[in-house]
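What follows is a set of notes on a single structure, which appears directly below.
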Amino acid sequence: MIRELLAARSRFSALDMPDPGPPRPVLVCGRNDPAGRVREALLGDGGEEVLVQAFALRRLRADDSGRLQAASVVVYAGEVTQTLDSDTRSDLAVAGASGRPLVAVLEGLDDPAEALIEAARTPGLPPSAVVGSRRGRFPEQPLLRAVAERAGRAAPALAAALPALRKYAVDRAIARAARQGGGTALVLRNPRIWEPALSAVEIEMVLEIAACHGYELSPDRAIEVAGTLAAGLGMGKVARDLAGAVPVAGRLVRGSVSYSGTRALGWAAAEYFARGAPADVDHLRDLAARRAGATHA
């Protein structure tokens, strides 16, 4: 596995790395009460307030869309009835016109299902980024998950400064890498091609998880961490052995095992960085071995 990880170094220039430098702030607009709850959820305990800013807690004007372009993510917090009123519809249109990733949190006295469907028709606002709730039941977890998803490459830097967002940014990184890893092993037939490609995906995931915890790893350190965890999990060997033993369905098996192995590696990496990224390689091996046991159980 270390050989494949070293071969993957040449692929670093093509990886979708986290954005370097400080992130843009999350800008929260809309109605005052739900906007306040959005800020509280994002800041959690110890979040950097400069990265979650209240913006125009009033009805939005057309010229606000330009100012919203300074955001990493725009979160619109609104109060609705069963359907979407014209003022809220206009606000969402202005926020969507900014071109920045948009999340909408809509509170209603009852389940605002119809309003959510209408809101998802706003350009730039996918259904997965529309979060609804009954008043008094603020949807903190769906909000944080949606913000992490919509933040894209800015998610790791935001998560490093906003601990409440970290779990969801890490989950995003692991899920994305597992899909890519499983797909890579499924599509590519030659092990000399798919193994380095899978390793590159796993290294990128380790770098992203590290960034979520505020660590900036060098490529060599990322390779060391990913290589030690991957070797401890032994998933690459399992995928090769099973694919050889079941030639007809070999690629399906390899894809499934690579998907599961990438997820297990991601969970182990997340635990490693959450514990402060100790330099002891033996600790890494022990961590990987425990994760391997949990994966095979």
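crowded, with 17+ Cβ neighbours inside 10 Å, touching a residue at least 24 places away in the same chain (Cβ under 8 Å) and over 20 Å from ARG150 (Cβ atoms): which single residue out of GLU118, GLU79 fits that description? Break it down stepwise before answering.
Details: GLU118 fails: over 20 Å from ARG150 (Cβ atoms).
Just a single option satisfies the conditions, and that option is GLU79.
Please enumerate the residues belonging to segment 82-92 that are of a type in the set (S, T, N, Q) and over 14 Å from PRO34 (Cα atoms).
Filtering segment 82-92 for residues of a type in the set (S, T, N, Q) gives 82-83, 86, 88, 90.
Passing the criteria: GLN82, THR83, SER86, SER90.
Checking THR88 against (1) within 24 Å of the chain's Cα centre (by Cα); (2) crowded, with 19+ Cβ neighbours inside 10 Å, only one condition comes out false. Which one?
Only one criterion is unmet by THR88, namely (1).
Considering only residues that are hydrophobic (A, V, I, L, M, F, W, C) and modelled with pLDDT of 95 or more, look in segment 132-153 and name the one that is farthest from the chain's Cα centre (by Cα). Break it down stepwise before answering.
The initial filter retains those residues of segment 132-153 that are hydrophobic (A, V, I, L, M, F, W, C), namely 138, 143-144, 146-148, 151.
Subsequent filtering for residues that are modelled with pLDDT of 95 or more retains 143-144, 146-148, 151.
Numbers: LEU143: 13, LEU144: 10, ALA146: 9, VAL147: 9, ALA148: 5, ALA151: 8 Å.
Only one residue fits best here, namely LEU143.
Does VAL105 fit the bill of being of a type in the set (A, V, I, L, M, F, W, C), in a strand (DSSP E or B) and within 28 Å of CYS212 (Cβ to Cβ)?
Values: of a type in the set (A, V, I, L, M, F, W, C): yes; in a strand (DSSP E or B): yes; within 28 Å of CYS212 (Cβ to Cβ): yes.
So VAL105 fits the description; yes.
The values are calculated or read from the model by the stated rules, or taken from the named source; none is laboratory data. Model, not experiment: these values are computed from the prediction. FYI the Cβ positions are ideal-geometry reconstructions off the backbone, even for glycines, and counts take in every protein chain you see.
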